[in-house]
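Beneath this line is the structure, given in structure tokens, with notes to follow.
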């Protein structure tokens, strides 16, 4: 029987991209939910081997104005409580950080990462990342590392790029993005190319040519290990106050 993985996206046109393709290639069934469009989330993870929460233009701090953000924050107790593999990408990582009691917010200098930026392994992240590699980014907010979590990778302007909490991982970058997705993002949100720190569209395309094969390899290797049970799972110790 194939493993079923829950994929949570945040817009009607959102695409799980390469993550869904790589999971399918590994024989997994992808269960796509769009919470912003009214889709519900399961009360238990008994039918799912893991969950990926993707990004979106909203903030992890929008739980007071966006009911689906509040729902996801509260729902995180399900996969974390059951010790199921969890991956948060960008907004998904920020939701995980908030749930675990850390703060999420914009760069103090107004900086954005939109394009390809260097990510460097730290500590036990050396087993997951190369010493330095480039990943596609699209964000103006970042997360603190929760007290009970472990920092795995850092960056120049947003120092917290990846962390681990038992079987749960939060990453700030977007390994799921394919070239067609990049073309759509940079066309529909062209105004964001002018934000402080953002790269021009040409740099996005050039970066894809230089770095995408390495990102694809990284994602495949990560998913292979991510779906394997971990021996050092930890239960949630604390969470943010939601409301």
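Yes or no: residue 199 farther than 23 Å from residue 83 by Cα, assigned to a loop (DSSP other than H, G, I, E, B) and either in contact (Cβ under 8 Å) with a residue 40 or more places away in the chain or out of contact with any helix residue (DSSP H, G or I) (no Cβ under 9 Å at 6 or more places or on another chain) (or both)?
Working: farther than 23 Å from residue 83 by Cα: yes; assigned to a loop (DSSP other than H, G, I, E, B): yes; either in contact (Cβ under 8 Å) with a residue 40 or more places away in the chain or out of contact with any helix residue (DSSP H, G or I) (no Cβ under 9 Å at 6 or more places or on another chain) (or both): yes.
Yes.
Looking at 22, 82, 29, 74, can you tell me which residue is closer than 21 Å to residue 153 by Cβ and surrounded by fewer than 22 Cβ atoms within 10 Å (Cβ to Cβ)?
Values: 82 fails: closer than 21 Å to residue 153 by Cβ; 29 fails: closer than 21 Å to residue 153 by Cβ; 74 fails: closer than 21 Å to residue 153 by Cβ.
22 is the lone residue from the list that is closer than 21 Å to residue 153 by Cβ and surrounded by fewer than 22 Cβ atoms within 10 Å (Cβ to Cβ).
Can you tell me which of 10, 48 is in contact (Cβ under 8 Å) with a residue 12 or more places away in the chain, closer than 20 Å to residue 81 by Cα and crowded, with 16+ Cβ neighbours inside 10 Å? Write out each step before concluding.
On the way: 10 fails: closer than 20 Å to residue 81 by Cα.
Among 10, 48, only 48 is in contact (Cβ under 8 Å) with a residue 12 or more places away in the chain, closer than 20 Å to residue 81 by Cα and crowded, with 16+ Cβ neighbours inside 10 Å.
So if I check each of 87, 95, 91, which one is within 19 Å of residue 174 (Cα to Cα) and either more than 17 Å from the chain's Cα centre (by Cα) or free of Cβ contacts under 8 Å to residues at least 60 places away in the same chain (or both)? Before the answer, list the steps.
Details: 87 fails: either more than 17 Å from the chain's Cα centre (by Cα) or free of Cβ contacts under 8 Å to residues at least 60 places away in the same chain (or both); 91 fails: either more than 17 Å from the chain's Cα centre (by Cα) or free of Cβ contacts under 8 Å to residues at least 60 places away in the same chain (or both).
Unique residue meeting the criteria: 95.
This table checks each residue for (1) under 23 Å from residue 108 (Cα atoms); (2) under 21 Å from the mean Cα position of the chain (by Cα).
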site	(1), (2)
176	no, yes
192	yes, yes
202	no, no
207	no, yes
221	no, yes
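Restricting to the range 71-116, give me the number of residues that are within 30 Å of residue 200 (Cβ to Cβ), in a loop (DSSP other than H, G, I, E, B) and out of contact with any strand residue (DSSP E or B) (no Cβ under 6 Å at 6 or more places or on another chain).
6
Taking the options 166, 155, 197, 170, name whichever one is surrounded by 15 or more Cβ atoms within 10 Å (Cβ to Cβ), in contact with a strand residue (DSSP E or B) (Cβ under 7 Å, 6 or more places away or on another chain) and more than 16 Å from residue 136 (Cβ to Cβ).
Numbers: 166 fails: in contact with a strand residue (DSSP E or B) (Cβ under 7 Å, 6 or more places away or on another chain); 155 fails: more than 16 Å from residue 136 (Cβ to Cβ); 197 fails: more than 16 Å from residue 136 (Cβ to Cβ).
None of the others qualify; the one that does is 170.
Looking for whichever is at pLDDT 95 or above and over 16 Å from the mean Cα position of the chain (by Cα) here; the options are 184, 164. Which one fits?
Working: 164 fails: over 16 Å from the mean Cα position of the chain (by Cα).
None of the others qualify; the one that does is 184.
For residues that are free of Cβ contacts under 8 Å to residues at least 40 places away in the same chain and in a loop (DSSP other than H, G, I, E, B), scanning just the range 131-159, find the one that is nearest to residue 23 (Cα to Cα).
131
Could you tell me whether residue 25 is under 20 Å from residue 227 (Cα atoms) and at pLDDT 95 or above? Talk me through it step by step, then tell me what you get.
Details: under 20 Å from residue 227 (Cα atoms): yes; at pLDDT 95 or above: yes.
Here the answer is yes, as residue 25 does meet what is asked.
From the residues in the range 117-126 that are touching a strand residue (DSSP E or B) at 6+ places or on another chain (Cβ under 8 Å) and within 23 Å of residue 226 (Cα to Cα), which one is surrounded by the most Cβ atoms within 10 Å (Cβ to Cβ)? Give the derivation first.
So in the range 117-126, the residues touching a strand residue (DSSP E or B) at 6+ places or on another chain (Cβ under 8 Å) come out as 117-125.
Then drop every residue that is not within 23 Å of residue 226 (Cα to Cα), which leaves 118-125.
Working: 118: 13, 119: 25, 120: 17, 121: 19, 122: 16, 123: 12, 124: 11, 125: 21.
Residue satisfying both the conditions and the ranking: 119.
Among the numbered criteria (1) surrounded by 15 or more Cβ atoms within 10 Å (Cβ to Cβ); (2) part of a loop (DSSP other than H, G, I, E, B); (3) within 17 Å of the chain's Cα centre (by Cα); (4) without any contact (Cβ under 8 Å) to a residue 60 or more places away in the chain, which single criterion is violated by residue 57?
The number of the failed condition is (1).
The values are calculated or read from the model by the stated rules, or taken from the named source; none is laboratory data. Predicted model, so just to flag it, every value in this text is computed and none were measured. In this analysis, Cβ positions are derived from the backbone assuming ideal geometry, glycine residues included, and neighbour counts consider all displayed protein chains.
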